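For reference, the structure discussed in these notes is given below.
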Amino acid sequence: MSAPEARRVPFGTHPSGTHQHSAAGGEQRIAAAFGKPGRRAALMPYLMGGFPDLDRSRGIGEAYADGGADLVELGVPYSDPLADGPVIQAAGTRALRSGATLDGVLGVCEALAPRLPVVLMVYANVVYARGVQAFTAALRDAGASGLIVPDLPLEEAPLVLEACDASGLALVPLVAPTSPDERMGRIGARARGFLYTVSVTGTTGERVALEDAFGPIVTRAKAHTHVPVALGFGIATPEQARAAADAGADGVIVGSRLVRAAAEHADDPAGAVRDIVAGLAAGLHA
Amino acid sequence: MSAIEHRFGPYGGQYVPETLMPALAELELAWAGALADPAWTAELAELLRDFAGRPSTLYRARRLSDHAGRPIFLKREDLNHTGSHKINNALGQALLARRMGKTRIIAETGAGQHGVATATACALLGLECIVYMGVEDTRRQMPNVQRMELLGARVSSVEAGSGTLKDATSEAIRDWVTNVGDTHYIIGSVVGPAPYPALVRELQRVIGDEARAQLLEREGRLPDRVVACVGGGSNAMGIFAAFVDDPDVQLIGVEAAGEGILTGRHGAPLTAGNRAGILHGSMSAIMQDADGQIVEAHSISAGLDYPGAGPEHAWLRDSGRATYVAVSDADALRAFALVTRLEGLLPALETAHAFHHVLEEPSESTMDLLCLSGRGDKDLGQVLDKLGAEEL
Ligand SMILES: Cc1ncc(COP(=O)(O)O)c(C=O)c1O
């Protein structure tokens, strides 16, 4: 049933010759983005591809880079996003209504990839609908560095992991506060790029005062993997981002706050998010 | 007892956020423990008997048999407390929730029958109950919304998407992701991530086990065909389960053709036979576009208005053991009127689809067993709306 034990790839220090495939490409680019001097933790804003439309979502991604983002998590809108709260869900619905397609979002990926590493976030059915191998090949061709599939737990991941490895993409798994230690260890051992650590038991969305919970989950995640640990879900303010870094997170993912800003400033979404990203980046200065 | 199935051929699995994976493991463990606990199985048996009214009767439909020219036996799940087969599953899962120490129950509902059954089980066991229901369904199944509220449940109406069963299910799963610590999700059909499809089948197989024994005792033979409607597929799996190992018994699932398969406005993923995909945590027959976006189903009957079907059905179809057909809105309405007039039975619109297939499609069958999955009181408003009074 379970996948063969993953090769352990020490983060940022690939011993040459251990990689038969070109996976080093995506993994190395991600590793470099996590290891920047002057940064307490890498900043990874979430971008809903195609929201409010494809052109403007590309502009928002550029603004993330201008504001000081280290990587971008690029979401593919989906009809039934089971891991997402109301803000991202509504943005996805809007993106689909305004005609966003997978290929359109891959176009956004291609436009952003020269500026910063892109990690695509997409629900499993979209991957399977294209065909796992065709999907990862298209993703590689669009310049992406990694892939996050929030409804593809360890048990279902082997096929996609193999295709990602073959395409030079890092398949980034998730762990949650509900994951027992033993399970976290099995997930952490197969992680590529970084370990997406969900800060709360819940869906994406802004939350007040959850900083107390950061320490225990980050400590547990770091004890169970060799790759950087990025904390996400519910982080919205520079204070929360800093608290995540204080808790030991190697990276911070900010989603709903930025998607909400883009929704509230339809006239100039790029301008609105640039300021927020800059504020978050300042909060993460060493 | 062997471990509960996670896969049916290539179908099934657990495509859910990591947050839920430990809860699915806990559920599987609790289920195995409950089955091995004589006190637990005795309590379920007692509730099914004294509270729900089991065994349900097997009725040889007099005038419908004449109409079809062959004996038609009806497994009367409409006579259960709360009016459908859904109570079998709701009682079992509510007892399981209590065993796991969960105090909060969530459920999704389309026609409202599963919601009512769950609200009923929760009232009985003193559990908090929240039912997610698409806004469109709250409108067309209003009596059931009122029943759930009277039973003490909170009905949360879901605006997303088409405001039907798919969207209610997605919302229930999101609630579970958020509240998984104290909450059990009582899913209403043989869908969702493992272990749900097999677990719900086991709780519904009482339908088939009873019917098989009743028919053997009465007629000394098995039917040529076993026919049931398929939304997610729980009443069908429940009755099929007892006959899968009888190779001479044909198993037929009847889906909703809505306005016609070719229009795309239907709820018949098994019949349409398009590319398989992932919906609500399992790989199965689903309705999707080229990019893998789930498309909206359509059916006059809220309980069949769902763009997926249980993974075991997809496998029974592929392996050739069961056959799936689809019946249109218009034919289901006509069958509803016919059964009411001819037999004095008022079937749920869901079941009316199965009735149409048995009563109006030519067959060599010499005896049919049909699962009368529920009663149609909830559908009166809608049926009267659609059928002119003169047609009735
Ligand atoms: C009476 C009745 N029959 C059938 C169904 C369809 O569900 P399933 O296919 O799981 O039996 C429903 C669902 O609401 C129902 O209420």
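The values are calculated or read from the model by the stated rules, or taken from the named source; none is laboratory data. Just so it is clear, the model here is predicted, and its values are computed rather than measured. In this analysis, Cβ positions are derived from the backbone assuming ideal geometry, glycine residues included, and neighbour counts consider all displayed protein chains. Note: areas computed on protein heavy atoms with side chains; ligands, DNA, RNA excluded. Shrake-Rupley method; radii C 1.70, N 1.55, O 1.52, S 1.80 Å.
Looking only at residues of the stretch A:139-160 that are within 12 Å of another protein chain (Cβ to nearest Cβ) and touching a helix residue (DSSP H, G or I) at 6+ places or on another chain (Cβ under 6 Å), we find that the one that is nearest to A:Gly202 (Cα to Cα) is A:Asp151. Inspect the stretch B:307-319 for any residue being more than 21 Å from B:Asp167 (Cβ to Cβ), without any contact (Cβ under 8 Å) to a residue 40 or more places away in the chain and among the aliphatic types (A, V, I, L, M) and give the result as yes or no. No, the stretch B:307-319 contains no residue that is more than 21 Å from B:Asp167 (Cβ to Cβ), without any contact (Cβ under 8 Å) to a residue 40 or more places away in the chain and among the aliphatic types (A, V, I, L, M). Checked against the criterion of being charged (D, E, K, R), within 14 Å of another protein chain (Cβ to nearest Cβ), part of a loop (DSSP other than H, G, I, E, B) and touching a Phe, Trp or Tyr at 6+ places or on another chain (Cβ under 7 Å), the stretch A:84-92 contains not a single residue that satisfies it.
Here is a check on your reading of the model: is B:Ser84 closer than 23 Å to B:Met367 by Cβ, in contact with an Asp or Glu (Cβ under 7 Å, 6 or more places away or on another chain) and not aliphatic (A, V, I, L, M)? Against the criterion (closer than 23 Å to B:Met367 by Cβ, in contact with an Asp or Glu (Cβ under 7 Å, 6 or more places away or on another chain) and not aliphatic (A, V, I, L, M)), B:Ser84 does not qualify.
Name the one entry in B:Val200, B:Val249, B:Val295 that is under 20 Å from A:Leu82 (Cβ atoms) and out of contact with any helix residue (DSSP H, G or I) (no Cβ under 8 Å at 6 or more places or on another chain).
Working: B:Val200 fails: out of contact with any helix residue (DSSP H, G or I) (no Cβ under 8 Å at 6 or more places or on another chain); B:Val249 fails: under 20 Å from A:Leu82 (Cβ atoms).
B:Val295 is the lone residue from the list that is under 20 Å from A:Leu82 (Cβ atoms) and out of contact with any helix residue (DSSP H, G or I) (no Cβ under 8 Å at 6 or more places or on another chain).
Among the numbered conditions (1) within 13 Å of chain A (Cβ to nearest Cβ); (2) of a type in the set (Lys, Arg); (3) more than 14 Å from the ligand (Cβ to nearest atom), the only one that B:Lys166 does not meet is (3). When residues in the stretch B:4-37 are screened for being among the acidic types (Asp, Glu), within 18 Å of B:Met100 (Cβ to Cβ) and outside the structural domain of B:Ala97 (by TED's automatic domain parsing), 0 of them pass.
Scanning for something away from the ligand (no atom under 16 Å from the Cβ), at pLDDT 95 or above and open to solvent by 50 Å² or more (accessible area, probe 1.4 Å), does the stretch B:81-90 turn up at least one residue? No, that holds for no residue.
For the stretch B:200-302, give me every one of the strands (runs of 3 or more DSSP E) that falls completely inside it and has 2 or more residues that are within 14 Å of another protein chain (Cβ to nearest Cβ) and within 14 Å of the ligand (Cβ to nearest atom).
Values: elements: B:225-229, B:250-258, B:276-279, B:282-285.
Because the criterion is at least 2 residues that are within 14 Å of another protein chain (Cβ to nearest Cβ) and within 14 Å of the ligand (Cβ to nearest atom), the strands (runs of 3 or more DSSP E) in the stretch B:200-302 that meet it are B:282-285.
Against the conditions (1) among the aliphatic types (A, V, I, L, M); (2) open to solvent by 10 Å² or more (accessible area, probe 1.4 Å); (3) not in a loop (DSSP other than H, G, I, E, B), A:Leu152 satisfies every one except (3). In the stretch A:161-186, the qualifying residues are those that are facing chain B (nearest Cβ under 8 Å) and of a type in the set (S, T, N, Q), and the one that is least open to solvent (accessible area, probe 1.4 Å) is A:Ser179.
The residues listed here are B:Glu136, B:Glu108; of these, the one that is under 25 Å from A:Pro86 (Cα atoms), among the charged types (D, E, K, R), within 15 Å of the ligand (Cβ to nearest atom) and within 14 Å of another protein chain (Cβ to nearest Cβ) is B:Glu108. Among the residues making up the stretch B:345-392, those that are of a type in the set (Asp, Glu) and more than 14 Å from the ligand (Cβ to nearest atom) are B:Glu360, B:Glu361, B:Glu364, B:Asp368, B:Asp385, B:Glu390, B:Glu391. Within the stretch B:7-20, the residues that satisfy the criterion of being under 16 Å from B:Leu199 (Cβ atoms) and open to solvent by less than 60 Å² (accessible area, probe 1.4 Å) are B:Phe8, B:Tyr11, B:Gly12, B:Gly13, B:Gln14, B:Val16, B:Leu20. Of the set (1) within 11 Å of another protein chain (Cβ to nearest Cβ); (2) of a type in the set (A, V, I, L, M, F, W, C); (3) open to solvent by 10 Å² or more (accessible area, probe 1.4 Å), all apply to A:Leu102 but (3). Residues of the stretch B:308-321 that are assigned to a loop (DSSP other than H, G, I, E, B) and within 13 Å of the ligand (Cβ to nearest atom): B:Ala309, B:Gly310.
Checking each residue in the stretch B:280-302 for being touching a residue at least 60 places away in the same chain (Cβ under 8 Å) and either of a type in the set (Asp, Glu) or closer than 21 Å to A:Ala134 by Cβ (or both) picks out B:Met283, B:Ile294, B:Glu296.
Sort through B:Arg70, B:Arg140 and tell me the only one that's under 18 Å from B:Gly303 (Cα atoms), in contact (Cβ under 8 Å) with a residue 24 or more places away in the chain and surrounded by fewer than 24 Cβ atoms within 10 Å (Cβ to Cβ). Quick ask: steps written out before the conclusion?
Values: B:Arg70 fails: under 18 Å from B:Gly303 (Cα atoms).
Only one candidate passes the filter, namely B:Arg140.
For B:Val339, the criteria (1) in a helix (DSSP H, G or I); (2) open to solvent by 20 Å² or more (accessible area, probe 1.4 Å); (3) away from the ligand (no atom under 13 Å from the Cβ) hold in every case but one, which is (2).
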